[in-house]
1. Just to confirm the numbers: C:G164, label point 7 angstrom along the Cα-Cβ line, distances to the other copies in nm, shortest first?
2. Let me know the mean shielding of B:218-226 by other chains, meaning the per-residue number of their Cβ atoms within 10 Å of its Cβ.
3. At each listed q (0.14 Å⁻¹), what is the log10 of I(q)/I(0) that the Debye formula gives for the range A:86-241 modelled as equal alpha-carbon point scatterers?
4. Angle check, please: helix B:50-59 long axis (alpha carbons) against the longest principal axis of chain B (alpha carbons), in degrees 0 to 90, nearest 10.
5. Work out, in µm²/s and without decimals, the Stokes-Einstein translational diffusion coefficient of the protein assembly as shown at 10 °C, 1.306 mPa s, Rh from Kirkwood over C-alpha pairs.
6. Would you mind computing, in nm to one decimal, how far apart the modelled labels at C:Q208 and A:E166 are, each placed 7 Å from Cα along Cα→Cβ?
7. Compute the signed sum of charges (Lys and Arg +1, Asp and Glu -1) over the other residues within less than 11 Å, Cβ to Cβ, of C:D170.
8. Sort shortest first the distances from B:A119 to its counterpart in every other copy, using label points 7 Å along the Cα-to-beta-carbon line, and give them in nm.
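The values are calculated or read from the model by the stated rules, or taken from the named source; none is laboratory data. What you are looking at is a predicted structure, and each value in this text was computed from that prediction instead of being measured. So basically every Cβ, Gly included, is an ideal-geometry build from the backbone, and we count neighbours across all protein chains shown. All accessible areas refer to the heavy atoms of the entire protein, side chains included, with ligands and DNA or RNA removed. Shrake-Rupley method; radii C 1.70, N 1.55, O 1.52, S 1.80 Å.
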Protein chains: 4
Amino acid sequence: VTSIDIIKAPTSDPSDTAGPLQALRQAGYRASDLLAVVGKTEGNGCVNDFSRGLSAAVWEPLIPDDAITVFSGGTEGVLTPHVTLLVADRAEHHGYDRGLVAATGRTRVIAVEELGRAAQVEAVRASVESLVAELAMRTEDVHLVLVKCPLLTSTQVSSCRDRGLEPVTDDTYESMARSRLASSLGIARALDECTDAQVEAALEGRQQVWSRRASASSGAELADCHILVLGTSEAASNPLRAAHASMRDAIDADTVVQLLEQVRAEGGTVVQVLAKAEASPDGRIRGRRHTMLTDSDLQSTRHARAAVGGLLAGLVQDTAIYVSGGAEAQGAPGGGSLTVLYRLSPR
Amino acid sequence: VTSIDIIKAPTSDPSDTAGPLQALRQAGYRASDLLAVVGKTEGNGCVNDFSRGLSAAVWEPLIPDDAITVFSGGTEGVLTPHVTLLVADRAEHHGYDRGLVAATGRTRVIAVEELGRAAQVEAVRASVESLVAELAMRTEDVHLVLVKCPLLTSTQVSSCRDRGLEPVTDDTYESMARSRLASSLGIARALDECTDAQVEAALEGRQQVWSRRASASSGAELADCHILVLGTSEAASNPLRAAHASMRDAIDADTVVQLLEQVRAEGGTVVQVLAKAEASPDGRIRGRRHTMLTDSDLQSTRHARAAVGGLLAGLVQDTAIYVSGGAEAQGAPGGGSLTVLYRLSPR
Amino acid sequence: VTSIDIIKAPTSDPSDTAGPLQALRQAGYRASDLLAVVGKTEGNGCVNDFSRGLSAAVWEPLIPDDAITVFSGGTEGVLTPHVTLLVADRAEHHGYDRGLVAATGRTRVIAVEELGRAAQVEAVRASVESLVAELAMRTEDVHLVLVKCPLLTSTQVSSCRDRGLEPVTDDTYESMARSRLASSLGIARALDECTDAQVEAALEGRQQVWSRRASASSGAELADCHILVLGTSEAASNPLRAAHASMRDAIDADTVVQLLEQVRAEGGTVVQVLAKAEASPDGRIRGRRHTMLTDSDLQSTRHARAAVGGLLAGLVQDTAIYVSGGAEAQGAPGGGSLTVLYRLSPR
Amino acid sequence: VTSIDIIKAPTSDPSDTAGPLQALRQAGYRASDLLAVVGKTEGNGCVNDFSRGLSAAVWEPLIPDDAITVFSGGTEGVLTPHVTLLVADRAEHHGYDRGLVAATGRTRVIAVEELGRAAQVEAVRASVESLVAELAMRTEDVHLVLVKCPLLTSTQVSSCRDRGLEPVTDDTYESMARSRLASSLGIARALDECTDAQVEAALEGRQQVWSRRASASSGAELADCHILVLGTSEAASNPLRAAHASMRDAIDADTVVQLLEQVRAEGGTVVQVLAKAEASPDGRIRGRRHTMLTDSDLQSTRHARAAVGGLLAGLVQDTAIYVSGGAEAQGAPGGGSLTVLYRLSPR
């Protein structure tokens, strides 16, 4: 069971590893201690976001073989490009009854025709279950499962059809949503938040199923799924904690404020906030029309990140937070999963 | 002195007058009572935003000759397209020591070569002073001066150069900022918030000068400036009030919360919030990098509206608010002017 | 049978009727002579293109009740916003064996749940057949059927689902393609270019069927379909002619050059070119990758209009041409229908 | 004097080096033979185009120290992402009186406050002159000088102002134009196409000066200027040739056709076309309005690449061509420089 520490560092551009590595060293760690690099990069967060690919290209050679990268594009509005570095913390911390722990892994490569379908759900489910087992953790102690999963480019769509197979969608932007949905259902299933029948119904669009602890984002820069499981365990002792909730819509400030008050009540200081955001699929927020789904100039995930990022940055008073767009099966429709990582005061 | 009432109504699209007119009738008013139609429309809020022009085209024939329209484009993120209807309230309201009052007017046509320059400042200043005088009001009782002003299209830029004159800029998007700056400096000057020397320095970019009560937006749909002055006056008696402040940056939740608490302390209910937002010109928010000024796919005013709109909608719990992008001389750099209109409980 | 004349006029913005009306008068016609106003407006040509709605709002009150408007958004690249005015030509022209004729009409309102489905195909087919009959014309003498048809907004998608019905798609941009497809299949069926079974297969995506004479564009500014049938008839005598072809892909200059050479061989002068353009659905042009379907910042119809508009404007040496994006069932996949209207030299 | 060969290869994405390297090997060359990698990548071609940075990151480690990369973003419309590989050709080719030769180099780092100003002009001029001297070539035998130059990010703008210095512009997108202008004036000066006084006047916007052989593009991925000089020399013997011209506007098909006919008349086969394109600064093409400068959703360089790319691809019947946006001092205003590289038939 790996007790972890978290270092957050702004980046000067998607290829910036120097700044974060210096922050890592100053905190007493080395690149070989890295479990995961979780970043927000300044692309459009959509199909042709090469800021993610650039970050992956510069970071992958620097991290251990079994560490993972998760780069989520899109720092619309007030958001600051940055990385959150998760490292193995081998120091002894006394006086804590628990600690934040993490495990990372990868699924096998998801074939083009599998993307967005049961096979992807199953691959993610199996990997998440294996990581939870590795952490010797009850599923209720898991606070966040973060997944980076593939999408379909038009080359992949074509090659799939050339082989006589039908991709889940021909629309490359829509493929991102399908991939996030499948990954999130895999998480929900692994955490016992739904049944196999519900997964099937959700994949077919007949039912809304979601996990409040799932956070999935898609990208063209990988072919498998990168997975990070984060939870608190009595097998570890450190001052880091996590709390999670689900925003019920994109203006649900109350849920955010409550979570922050809970952290404050425990004497905690926020280290990082990870949130999912989306345009509510019915085109309304509290009965009023929004225009995110009729704006052909600007994808709805960009709108959602900008707006929810603005709200969260204002409430947390920090712009270097992880807000990711497209919350299929990640919290209630129109809302999104929300995780706060915080540090208790020294005892 | 015109005592006013305010009706807010969502619109189904930029050409929707039916919904708002029904709301007007239900409130006991007629189109002939209108002083101003202040709307948020769902275009890009930039040079080629024809949602503003469409709204202006359908509303102008319906309103009195001396009434004005102000359509601000851009309902990014969670914002709801809507109109705020300001009507003359001829009913007697007892028991109020003051009331919300308004006056509207227009400047002369701003010539292409005048746009963004001292001549525009002067035209706005003169009109605002005249409206304040009409309201028999001290400048300190003015809570908001809302201006809709022209911009430069490439046709106008060309015709200006063809006449041997130099426009303030050749960049059509930049012309919106120059027009907002000149209008806002005219407001600041009329409200005695700055000197002539400061206006000159601000136009040349040598000094930062701003008004916390100015809100200016630009559009291609008009050639003069439409002006609305809003204040509270002892010459009127009604339950509407206004309060204003200036957000110091785009995540300044504290200022918003304080203003809302002040309203609540007076037993008021928020009727409308009007805010200006912008990308901080130095590329940073509280020392951290934002990417609004390096995103060539999405203009910074769209980013700013989405983010600040998300924060305000969350804090006010209302998505039908007026958030406008580009806050040159309208509140501190990177922040923006903020006005809350509210209604006191019946006495 | 209505013998027609064609006047083409640039517009200074989407609300400009003054310029075109002056051109109309100079040609000896009045607004009451108008059969159709076919315009290219400078919006994004997508769901939230309000330049179309603005043009429709200013033109509709000026034209006869049975005249129609067709505004196609998107003048990317070198294209010039303009209108093509089709008027009834009551003058006698001697010495011509034929003449260009036109008829216009409207379908009933297409219900939200009908859009993109057999009901829309049938409504368009019936109207086109009726217009062809009105012109007493063989289907082979029809050179162009131009249709403007509705799309689905998120409000319509929601209201449809609220009534327990399923729209053809939840994606508002995709609804434009579905509407163009259904309209074009209705045209193909009316012109005997396909069978009912082929229509059904095409709607289900199982077969590619197309008309070389169909040109359909979608918009939120109407609820029915506006239809213009254009052909040459021996029942009329005027110097206008039409020729049509189909570009086989977006760089098929040969087909364009051949059509222009045919016009020149007849001693004709090009009056207008109407073309459809699209990103080839398999992501390739002559085996090479294009990126129009993976660009999440810019819809593929905008890419296609810009590129094909650039080619055509260069070949015709005119930027005020009608190039419309999204060529489902309008010419070969990746290509598009192409019509040239030309005027023979005086005899 | 380096006799060169040219291999053109499509790329599957900006990080694809495998495909091009295989094409290189098949042609009998190795990465160590590379003089320059000139690519079109599929980003927006603007400030936040990280596809260029990704390509540079993967190619730089593979090429010789003195070789250069030039990645131009933006494959709008029909254009295919690809690389043009220039290699030293050490084979003996008999029977040719001349051959295509090339030299590459870099300027020193251009300081932020120097960008777009005389210092950048001078740095480029000096490097180009040195490369032309290295090739022992008359300036009239130079057919193309290709430059990749830096731009200003908002971080650089801020740091410049923090040091009390004024950048040439605060607008990051505008900085790309200023950098292209300065580089191109440096080329024009080095090739004796203008005087120092004209350079000064052009930098101040008082005079139009241009080179028909300059092609400059800007990017955030470098701090110096990468320079490629291409010409024909009697000191070499190979079947490659170059011809150049300048399109007088964006629909100038005639100039393109003439250049292609000249190639055909010599029995040549086109290997590559390199063109610059821009929105004409006066907002008109042949007297008619275009909308590239008033479209706030889509930068004018993207419009221009799409349109001119569509025209050229149609005329050359090849989509893997190098079309770059922003033609300041690179050909006549509104037009752009045009170079065709071609291969003579074996003798």
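1. List, nearest first: 4.2, 7.6, 7.8 nm.
2. Values: counts 0, 0, 3, 3, 0, 0, 0, 0, 0.
Mean partner shielding for this stretch: 1.
3. -0.68
4. Tilt relative to chain B: about 40 degrees.
5. Rounded to a whole number, D works out at 49 µm²/s.
6. A separation of 1.9 nm, rounded to one decimal place.
7. -4
8. 3.8, 5.8, 6.9
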